[in-house]
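A.B. asks: One structure coming up, written as structure tokens, with questions to follow.
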Amino acid sequence: DAGVIQSPRHEVTEMGQEVTLRCKPISGHNSLFWYRQTMMRGLELLIYFNNNVPIDDSGMPEDRFSAKMPNASFSTLKIQPSEPRDSAVYFCASSSLADSTDTQYFGPGTRLTVL
Amino acid sequence: GDSVTQMEGPVTLSEEAFLTINCTYTATGYPSLFWYVQYPGEGLQLLLKATKADDKGSNKGFEATYRKETTSFHLEKGSVQVSDSAVYFCASRETSYDKVIFGPGTSLSVIP
């Protein structure tokens with residue numbers, strides 16, 4: 001299995017631009033998570049989906065952030081408009097609701113820099 | 001709500017030293033417990049896990065035992081190597097339908 005795939009791996013953009021991060025979960029997994037990691041705030045859960053349905057988006061910082069999961073094999077996290085304080089590494093992770101061990105698998109992350 | 005607390009870092013050890021990273025959790029039920037490791041420039045990866053009380057998870061020389069009575073899941077390794085330098089996250093999860101609760105992470109540096 002290829003694991004969780006994220007694209008792009010690096011993104012540099014200017015303040016005010018729209019940014020779209022993409023994630024392909026492991027095939028067969030039906031839970032998907034978006035995290036943000038910074039030195040100051042550590043690892044933060046932004047939102048997670050079960051069976052393509054958003055379950056908890058309380059971690060989404062503000063209305064500039066939105067996430068979708070149109071099907072079981074794809075999710076996007078969009079920031080519009082982007083701001084310098086959004087600079088961070090964004091991780092996507094997936095897991096299987098049928099996995100009794102509850103293990104979560106992380107992608108390599110997207111490093112976002114907003115100038 | 002559920003939470004995970006782990007010892008503050010950074011931790012610096014000499015090669016072959018003994019490692020302990022403390023972790024305690026609060027939960028309403030009986031969660032699964034995990035240690036994840038993040039090497040520089042990479043995503044988190046599962047190091048070991050335990051799904052019920054008294055279970056011991058182990059991998060790559062690391063061990064942790066699920067202690068319900070003390071609500072703890074301390075990570076140990078008898079002899080650390082330079083390649084163990086990373087950030088270690090303790091985590092809990094009630095069920096596969098729930099989110100994972102992560103601790104703040106403990107940075108470990110092992111010097112030759």
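The values are calculated or read from the model by the stated rules, or taken from the named source; none is laboratory data. What you are looking at is a predicted structure, and each value in this text was computed from that prediction instead of being measured. Cβ: placed from backbone, ideal geometry, glycine included. Neighbour counts: every protein chain shown.
A.B. asks: Which pairs turn up if I take residues in the range B:38-56 that are farther than 20 Å from A:E44 by Cβ and at the interface with chain A (Cβ under 9 Å from one of its Cβ atoms) and look for partners that are small (G, A, S) and in a strand (DSSP E or B) with beta carbon separation below 7 Å, at least 6 apart in sequence or on another chain?
C.D. replies: Once the first residue is farther than 20 Å from A:E44 by Cβ and at the interface with chain A (Cβ under 9 Å from one of its Cβ atoms) and sits in the range B:38-56, its partners that are small (G, A, S) and in a strand (DSSP E or B) give B:K49/B:S32; B:K49/B:G57; B:T51/B:S32.
A.B. asks: What is the number of the single condition among (1) buried (at least 16 other Cβ atoms within 10 Å of the Cβ); (2) touching a residue at least 60 places away in the same chain (Cβ under 8 Å) that B:G9 does not meet?
C.D. replies: (1)
A.B. asks: Same structure, new question: Out of all the residues in the range A:27-49, which are over 14 Å from the mean Cα position of the chain (by Cα) and over 19 Å from B:Q6 (Cα atoms)?
C.D. replies: Correct list: A:S27, A:G28, A:H29, A:N30.
A.B. asks: Ok, one more. Let me confirm something: among A:R111, A:R22, A:R9, which residue is touching a Cys at 6+ places or on another chain (Cβ under 9 Å) and more than 21 Å from B:V100 (Cβ to Cβ)? Reasoning before the result, please.
C.D. replies: On the way: A:R111 fails: touching a Cys at 6+ places or on another chain (Cβ under 9 Å); A:R9 fails: touching a Cys at 6+ places or on another chain (Cβ under 9 Å).
Among A:R111, A:R22, A:R9, only A:R22 is touching a Cys at 6+ places or on another chain (Cβ under 9 Å) and more than 21 Å from B:V100 (Cβ to Cβ).
A.B. asks: Of all residues being of a type outside the set (A, V, I, L, M), in contact (Cβ under 8 Å) with a residue 60 or more places away in the chain and surrounded by fewer than 23 Cβ atoms within 10 Å (Cβ to Cβ) in the range B:64-94, which is nearest to B:G29 (Cα to Cα)? Just the residue, please.
C.D. replies: That would be B:E94.
A.B. asks: Name the single residue that is farthest from the other protein chains (Cβ to nearest Cβ) among those in the range A:25-39 being surrounded by fewer than 18 Cβ atoms within 10 Å (Cβ to Cβ) and without any contact (Cβ under 8 Å) to a residue 60 or more places away in the chain.
C.D. replies: The extreme case among them is A:S27.
A.B. asks: Do we have any residue at all in the range A:2-12 that's crowded, with 19+ Cβ neighbours inside 10 Å and within 14 Å of chain B (Cβ to nearest Cβ)?
C.D. replies: Yes, some residue in the range A:2-12 is crowded, with 19+ Cβ neighbours inside 10 Å and within 14 Å of chain B (Cβ to nearest Cβ).
A.B. asks: Could you say whether any residue in the range B:9-31 is within 11 Å of another protein chain (Cβ to nearest Cβ) and either touching a Gly at 6+ places or on another chain (Cβ under 6 Å) or of a type in the set (D, E, K, R) (or both)? Spell out how you get there, then give the answer.
C.D. replies: Applying the first criterion (within 11 Å of another protein chain (Cβ to nearest Cβ)) to the range B:9-31 yields B:31.
From what is left, the residues that are either touching a Gly at 6+ places or on another chain (Cβ under 6 Å) or of a type in the set (D, E, K, R) (or both) are none.
Looking for residues that are within 11 Å of another protein chain (Cβ to nearest Cβ) and either touching a Gly at 6+ places or on another chain (Cβ under 6 Å) or of a type in the set (D, E, K, R) (or both), one finds none in the range B:9-31, hence no.
A.B. asks: For the range A:56-98, which residues satisfy the criterion of being at the interface with chain B (Cβ under 8 Å from one of its Cβ atoms) and exposed (fewer than 15 other Cβ atoms within 10 Å of the Cβ)?
C.D. replies: A:L97, A:A98
A.B. asks: If you go through the range B:96-109, how many residues are within 24 Å of A:A98 (Cα to Cα) and either modelled with pLDDT of 95 or more or more than 7 Å from every other protein chain (Cβ to nearest Cβ) (or both)? I'd like the intermediate steps shown before the answer.
C.D. replies: Here is the first cut: in the range B:96-109, the ones within 24 Å of A:A98 (Cα to Cα) are B:96-102.
This time we only want the ones that are either modelled with pLDDT of 95 or more or more than 7 Å from every other protein chain (Cβ to nearest Cβ) (or both), so: B:98, B:101.
Number of matching residues: 2.
A.B. asks: Same structure, new question: Among the listed residues A:G42, A:G109, identify the single one that is surrounded by fewer than 17 Cβ atoms within 10 Å (Cβ to Cβ) and on the phi > 0 side of the Ramachandran plot.
C.D. replies: On the way: A:G109 fails: surrounded by fewer than 17 Cβ atoms within 10 Å (Cβ to Cβ).
On inspection, the qualifying residue turns out to be A:G42.
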